[in-house]
Amino acid sequence: LADLGKRPYIALGALAFLCLLPLALTSTQGMIRRLGRRWQRLHRLVYGAALLSVLHFTWQAKQDAWRAYLCAAIWLLWMGLRLVYWARDLRRAWLEDSDGG
């Protein structure tokens, strides 16, 4: 706990780990069945955990910061692709709704 004051990036790493813990615990077929649609909502925590992980890695990198920046670039690309797919799915749903009415 004393290190948290001196090294706040440790808190980010711990928070990322805490976000991933329920995902690991609910990734079995039985838990997926029990949670139903709530499982997908819960597993969207992975986006926040990934961001926290990248921030943790970038903040703690001292010498080889290029690796941290590479991870950040990959995360940004990943989020950009997710945004494109989300917008495409939203547009499809909107077009299906407007055609049906």
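The values are calculated or read from the model by the stated rules, or taken from the named source; none is laboratory data. What you see is a predicted model, and the numbers here were worked out from it, not measured in a lab. Heads up, the Cβs are rebuilt from the backbone with ideal geometry, glycines too, and the neighbour counts pull from every protein chain shown. Side chains are part of the model used for accessible areas, which takes the heavy atoms of the whole protein and leaves out ligands, DNA and RNA. Shrake-Rupley method; radii C 1.70, N 1.55, O 1.52, S 1.80 Å.
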- [ ] Please work out which residue is surrounded by the most Cβ atoms within 10 Å (Cβ to Cβ), limiting yourself to the range 74-96 and to residues that are among the aromatic types (Phe, Trp, Tyr) and within 19 Å of the chain's Cα centre (by Cα).
- [x] Trp75
Open item on the list: Step by step: first the residues of the range 25-44, then only those that are in a helix (DSSP H, G or I) and open to solvent by less than 70 Å² (accessible area, probe 1.4 Å), then the one that is nearest to Leu55 (Cα to Cα). Which residue is that?
Closed with: His43
Open item on the list: Going residue by residue through the range 58-81, is there one that turns out to be closer than 30 Å to Leu1 by Cα and acidic (Asp, Glu)?
Closed with: yes
Task: Top-ranked residue of the range 1-56 - restricted to ones that are under 18 Å from Met79 (Cβ atoms) and of a type in the set (S, T, N, Q), ranked as nearest to the chain's Cα centre (by Cα) - done: Ser53
- [ ] Find the residue count for the range 50-73, including only residues that are free of Cβ contacts under 8 Å to residues at least 40 places away in the same chain and open to solvent by 100 Å² or more (accessible area, probe 1.4 Å).
- [x] 5
